[in-house]
Structures are given as structure tokens and as C-alpha cells.
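These notes concern the structure reproduced below.
The values are calculated or read from the model by the stated rules, or taken from the named source; none is laboratory data. Everything quoted here is computed from the prediction, not taken from an experiment. Neighbour counts run over all protein chains shown; Cβ positions are idealised from the backbone, glycine included.
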There are 2 protein chains.
Amino acid sequence: MINDNKEHYMRAALAEANKAFDKQEVPVGAVVVCNDMIIARAHNLTETLKDPTAHAEMQAITAATNWLGGKYLADCTIYVTLEPCAMCAGAIGWSQASSLVFGAADKKKGYRTISDSLLPPKTSVESGVLEKECRELLLRFFKSRRG
Amino acid sequence: MINDNKEHYMRAALAEANKAFDKQEVPVGAVVVCNDMIIARAHNLTETLKDPTAHAEMQAITAATNWLGGKYLADCTIYVTLEPCAMCAGAIGWSQASSLVFGAADKKKGYRTISDSLLPPKTSVESGVLEKECRELLLRFFKSRRG
């Protein structure tokens, strides 16, 4: 049941990633969940906004803290379709989110390529939720770009 | 003369840090310089915006890319009064800024406490410009908070 919930929320993040795909953005999506409720949904908008900081997680954190009215996301879980980069892992750390769940690994730019300690030790991390779907969407995007 | 320019731009970043101080924000300021012109000025607004991502550098990068109309800051230098954290170093990396100049070191949260490789190898880094002034403003802030 808990795992079903994780897949449910990752599907919501994937729906966001698909919105990015439709805008010709690298398809990454994120949602923030607090007390079993999605309080923020966001997708990568770096090309649309011409802003290298506009990753899905950054916008999801900004939207979620805005919704909560405070700058921390304690007791929140961030779901993201791709392993966060160092910037986003740093932001997740500042937000004090209790958990991170991601889909596909990012062997080139993922935070773990630099250091696991980019996330605070108390942040629980789970990877591989709907990994195949998350990865395939990214592969389809990069294939379409090469086409 | 080059060094004088660096101090000139760091003074502009310090002026931003002072604005943060006046808003009871941790006093960090940043400017982005392109072709000897300041194209963006920003200061920490995490409390005001209740957003943990609203560091001076993040906002300066967003403002500068908006001004340039593209998502990269090639040939730009980012001046910041305090050593960037991991999140901000990651953002500087994505922006492809050619140089980073910072004032005071941050031995607790600075990116170098995790890894120098948070910045791309081609990004030149200089530290210690107006270090004393940058550090003293921060010390004055934390002293006033304890007061």
C-alpha cells in the first residue's frame, strides 16, 4: 500500500514530466507531498524561462513553501522523475524535506556523482520508483532531439 | 586596475548584502558583471519570500539570464560576498559563468566543504576580495540576532 502510494505520486511527477516534454524541455517533473496531499507540482522550464535554475525540483520547492507559508518542508516528500542534480539536492537540503523519492538515476549529472552528503543525513532517499517509465520518457526526448 | 575593478564590483555586492541586513535577512549580496557592466544585482531574500532557494546568487543568475535573454552566462563574472553553498555552486555551474569571485569563506556551508568539483573546472574562482568587510557584515548580523 505504501509502495502503491509512491507509484501514485511518481505518476503525478511523470505527468508533469510529460508537460515538459510537450514544451520541448528535458522531461523532468516533480511533486511535493505533505500529509498524503500533493501541495506542489512542477516541471522543468529552463528553456521556456531561459533560466538555468528553473529545474522541476526548484520550482516545486518554491511553490510548496509558498503554499505552506514557511521556508521549510519538514514532513514533506519530494518526488522527482530523475535523480536531482547538485543544485537541486542542495535546495532539498535547505528545505529540510524529510524524504526524497526519485525515479531514474542520472549517472552524468546526478548529485551522487559528486557526493551523497549533498543531502542531509536525516533526509531519507529512495530511488527506482517507476524507474523504467521515467527513464524511457527521457530517452524518447533525447532520441527525438537527435532525429 | 583589474583588482580595483574587482573591489568595485564587490562593493556593489556588499551594497546588496546591506539591503538584506536591513530586512533582517542573512546579509549576502551578489552582482553579475558582463563586459564591465553590472547586469544583475540581488540579495538574500529567503525570509522575506519564505523560500529556501532565494539565495542572492540564485536570484542574480535568474535576473542576469533574463536580462541577456538566454540561459547561459558565458563571459560573465558572478561576485558574491560569501562563498556559495552547494545549491548556488550547482546553479553557477549550470549557468556556465566564466568566473566566480567571492568575499568571505563559509566554513560550514560553503561548496568547498563538499567538493571543489561542484563548479566546472573551466570556471575560474577567486576568493578573499573585500573579505574583511564581507565577513564583518555577517558577524554583525549574527551578533545582533543573538543580542
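Taking B:ILE114 and the conditions (1) at positive phi; (2) within 13 Å of chain A (Cβ to nearest Cβ); (3) in contact with a Ser or Thr (Cβ under 6 Å, 6 or more places away or on another chain), which numbered condition does it fall short on, given that it satisfies the others?
Evaluating B:ILE114 over (1) at positive phi; (2) within 13 Å of chain A (Cβ to nearest Cβ); (3) in contact with a Ser or Thr (Cβ under 6 Å, 6 or more places away or on another chain) leaves (1) as the failure.
Please find, within region B:83-98, the residue that is farthest from the chain's Cα centre (by Cα) out of those that are buried (at least 18 other Cβ atoms within 10 Å of the Cβ) and of a type outside the set (A, V, I, L, M). Spell out how you get there, then give the answer.
Taking region B:83-98 and keeping what is buried (at least 18 other Cβ atoms within 10 Å of the Cβ), we get B:83-95, B:97.
Narrowing the set further to residues that are of a type outside the set (A, V, I, L, M) leaves B:83-85, B:88, B:90, B:93-95.
Working: B:GLU83: 7, B:PRO84: 6, B:CYS85: 10, B:CYS88: 8, B:GLY90: 13, B:GLY93: 13, B:TRP94: 15, B:SER95: 14 Å.
In this case the residue turns out to be B:TRP94.
Output the residues belonging to region B:100-118 that are over 25 Å from B:ASP4 (Cα atoms) and either in a helix (DSSP H, G or I) or aliphatic (A, V, I, L, M) (or both).
Selection gives B:TYR111, B:ARG112, B:THR113, B:ILE114, B:ASP116, B:SER117, B:LEU118.
Could you tell me which of the residues A:ALA97, A:ALA63, A:ALA91 is closer than 23 Å to A:ASP4 by Cα and either of a type in the set (Gly, Ala, Ser) or touching a Pro at 6+ places or on another chain (Cβ under 6 Å) (or both)?
After ruling out the rest, the residue left standing is A:ALA97.
From A:TYR79, A:TYR72, which residue is within 30 Å of B:THR48 (Cα to Cα), aromatic (Phe, Trp, Tyr), modelled with pLDDT of 95 or more and under 12 Å from the mean Cα position of the chain (by Cα)?
A:TYR79
Given the criterion within 18 Å of A:VAL31 (Cβ to Cβ) and facing chain B (nearest Cβ under 9 Å), identify the matching residue among A:ALA64, A:ALA74, A:ALA89, A:ALA104.
Among A:ALA64, A:ALA74, A:ALA89, A:ALA104, only A:ALA89 is within 18 Å of A:VAL31 (Cβ to Cβ) and facing chain B (nearest Cβ under 9 Å).
Of (1) within 14 Å of another protein chain (Cβ to nearest Cβ); (2) over 18 Å from B:THR46 (Cβ atoms); (3) touching a Phe, Trp or Tyr at 6+ places or on another chain (Cβ under 6 Å), A:LEU49 satisfies all except one. Which?
The number of the failed condition is (3).
Looking only at region A:50-82, count every residue that is surrounded by fewer than 23 Cβ atoms within 10 Å (Cβ to Cβ), among the aliphatic types (A, V, I, L, M) and in contact (Cβ under 8 Å) with a residue 24 or more places away in the chain and tell me the total.
Total satisfying the criteria: 3.
What number of residues in region B:15-49 are surrounded by fewer than 22 Cβ atoms within 10 Å (Cβ to Cβ), in contact (Cβ under 8 Å) with a residue 40 or more places away in the chain and of a type in the set (A, V, I, L, M)?
Selection size over region B:15-49: 1.
List the residue pairs whose Cβ atoms are under 8 Å apart, where the first residue sits in region A:107-129 and is surrounded by 14 or more Cβ atoms within 10 Å (Cβ to Cβ), the second is charged (D, E, K, R) and assigned to a loop (DSSP other than H, G, I, E, B), and the two are 6 or more positions apart or on different chains.
Here the result reads A:GLY110/A:GLU83; A:TYR111/A:GLU83; A:ARG112/A:GLU83; A:THR113/A:ASP106; A:THR113/A:LYS107; A:SER127/A:GLU83, each pair linking region A:107-129 to a residue that is charged (D, E, K, R) and assigned to a loop (DSSP other than H, G, I, E, B).
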